[in-house]
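Remarks on the structure that follows.
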Amino acid sequence: MSLPDALPSPLQPRPVSRPAPPAQPSATVGRRASLRVRVLGVVVAINAAAAVVAGTVVVHNARVAAEREMTASVEMAERMVRETAERMAEAPEAGGPAAGELANWPVHLRHLRHVRIVIEDAQGRPIPLKPSGSREQDDGDAGAPAWFAHLVGVSEVARDIEVRINGARFGRVRVAGVPDDEVDEVWEDVSDFAVVAIAVNAAILLALYVALGRVRSDLGRFRNALGELEQNRFSCRVDLPRTRELAEVAERFNELAAALAAARAENDRLNAHLVTLQEDERRQIASELHDELGPLMFGLKAGAESLARAAAEAEGPAKARIADRTHGLVGIVERMQATNRRLLRRIRPAALDLLSLREAISSLLADFRQHDPSRTFLLAAGPLAAHYCAARDATLYRCVQEAVTNALKHGDARAIEVEIGEVAGAAGPEGGVLLRLVVTDDGPGPPDRIVEGLGLAGMRERVRALGGTFRFERGPKGGARFVAEISVPPPS
Ligand SMILES: Nc1ncnc2c1ncn2[C@@H]1O[C@H](COP(=O)(O)OP(=O)(O)OP(=O)(O)O)[C@@H](O)[C@H]1O
Ligand SMILES: [Mg+2]
């Protein structure tokens, strides 16, 4: 319902201040992932994909290598077993193994790498091998977990060798490939590599997290600075970030802020000049109306009155008609004089030439009070200088006049309060003062749909021409409230 001061205007300088932008991002922006989350997410996803690809390659290579190694070992073991079996078959009496002595199978064959030897007697029963006397070698490693061995999935390689003595079947030796050692080795390599890869990745992610945090805080400074610009505080500057690209953007931003500040100063100067010229012209027109038209109308009225008097003394049939016309003439001139006075008051309030701003507004309210003593017109004036240049004085005076008239006309208000004064500590960074005018009434408040007349539009034009802001809204107690703020730069 409030009338924002962002409506187009030919005199449009940017307003001094507007409602602060939200400190938090909007709901739409807030739902989006932050730069840090996005980049870290992408890096983690790429690393995870690389780990899957590397894992697949490693598993495949491990399978191929294990199968190759196992096949070679099984073939070698098969050769050795066959040789041993042939030796046993040829020299059974020379102290070779008799039935049941297969358990004494040569020790070196029992411990072949990548190979498991299983010996069966003629009936196919496995023969337990006698202890070799030397302890099984155990390097103390835990070995690959079952799931990894399962993943590598080396296919089985086995050979069966018949042992015959004197032509009779004596037993059977089964040589089967055992991929465990190979898989264990690969697992050892993979787990060492995985530890290093995880450590490197963690370091990369940590470094990225810190670097992106810096970028985020740099971008946060840009966001705050843009908010300052939005608030028309063009003196804001961004410290140059350490990253070159961001530093370049910051430099351009600072140049832009400086250019905006210069344009704003020039705009303010031109607008103030324009309003001052307007006021001068109004004053000139007022004095012409007063000094030229006033005496002419006075003369016209005096002439008409003397004509009326002459007609009263004259004789003849035209006497009544002349008296009637001259009376009408006097009436017209009186209306012209009244119009002229009203025009004069509207164009240039004489009070401003004679009184201080506070006294002029007080006298304006006294006039309203005099016309309608049943209503309350209250003036709460804060610290105020006697004058703030003709344009500002006239603007504030006119705004009070129109706002009070509107309160009576549209709100039928019983009580109207005018607050005016300098706002402590609200001046811009360049110094100076901020003048605030608030007119509140106890009427029904503005309608839902405001159809603007000349009053609100004129006030807005004037206030904004001076670089100020203008608001017309519902007050806290329900009536209408008009607020204008105009900054007064320090004397140069
Ligand atoms: N104090 C108020 N209380 C309620 N409504 C208001 C008040 N002031 C203004 N309005 C609303 O805003 C509208 C526009 O006001 P504005 O002063 O621009 O025009 P106007 O007073 O109708 O005509 P003009 O000022 O040109 O003689 C009014 O028609 C009215 O609906
Ligand atoms: Mg009005």
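Laid out as a table, the results:
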{"quantity": "Tilt relative to the chain, helix 294-313 - C-alpha long axis, 0 to 90 degrees, to 10", "calculated": "40 degrees"}
{"quantity": "Potential extension, Glu313-Ser362 segment - 0.36 nm per residue separation minus Cα distance", "calculated": "12.6 nm"}
{"quantity": "Arg325 paired with Val451, simple spin-label distance in nm, labels 7 Å along Cα-to-beta-carbon", "calculated": "4.4 nm"}
{"quantity": "R0 of 30 Å, Cβ-Cβ distance Asp353-Leu226: FRET efficiency to nearest 0.05", "calculated": "0.10"}
{"quantity": "Difference of contour (0.36 nm per residue) and Cα-Cα distance, Ala54 to Arg474", "calculated": "144.4 nm"}
{"quantity": "His387 - accessible surface, heavy atoms, 1.4 Å probe, Å² rounded to 10", "calculated": "90 Å²"}
{"quantity": "Surface per residue (accessible, 1.4 Å probe) for the chain, Å²", "calculated": "60 Å²"}
{"quantity": "Cα-based radius of gyration of region 172-304 once divided by 2.2 N^0.38 Å, which approximates compact folds", "calculated": "2.83"}
{"quantity": "Full-extension gain in nm, Arg216 to Arg346, via 0.36 nm per residue minus C-alpha separation", "calculated": "41.1 nm"}
{"quantity": "Helix axis angle, 35-90 relative to the chain longest principal axis, alpha carbon, degrees", "calculated": "0 degrees"}
{"quantity": "Selection from Val463, Ile198, Ala424 lying farthest towards where the dipole of the chain points positive, charges on Cβ", "calculated": "Val463"}
{"quantity": "Within the accessible area of region 243-370 (1.4 Å probe), percent carbon and sulfur", "calculated": "58 percent"}
{"quantity": "Inter-site label distance for Arg335 and Leu260 at 7 Å from Cα along Cβ, in nm", "calculated": "5.5 nm"}
{"quantity": "Charge sum, other residues only, whose C-beta stays under 14 Å from Val196's C-beta, Lys/Arg counted +1 and Asp/Glu -1", "calculated": "-3"}
{"quantity": "Evaluated at q = 0.07, 0.08 Å⁻¹: base-10 log I(q)/I(0), Debye formula over Cα of the chain", "calculated": "-0.67, -0.76"}
{"quantity": "Percent of beta bridges antiparallel (DSSP, the chain, rounded to nearest 5)", "calculated": "85 percent"}
{"quantity": "In degrees, nearest ten, helix 357-371 long axis to first principal axis of the chain (Cα)", "calculated": "70 degrees"}
{"quantity": "Equivalent-ellipsoid semi-axes of region 157-210, from the Cα gyration tensor, Å, largest first", "calculated": "55, 6, 4"}
{"quantity": "Sorted largest first, extent of region 379-466 alpha carbons per principal axis (Å)", "calculated": "39, 25, 22"}
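The values are calculated or read from the model by the stated rules, or taken from the named source; none is laboratory data. Predicted model only: the values in this text are computed from it and were never measured. Ideal geometry is used to build each Cβ from the backbone, glycine not excepted, and the neighbour counts take in all protein chains shown. Surface areas here come from the heavy atoms of the whole protein model, side chains and all, with no ligands, DNA or RNA. Shrake-Rupley method; radii C 1.70, N 1.55, O 1.52, S 1.80 Å.
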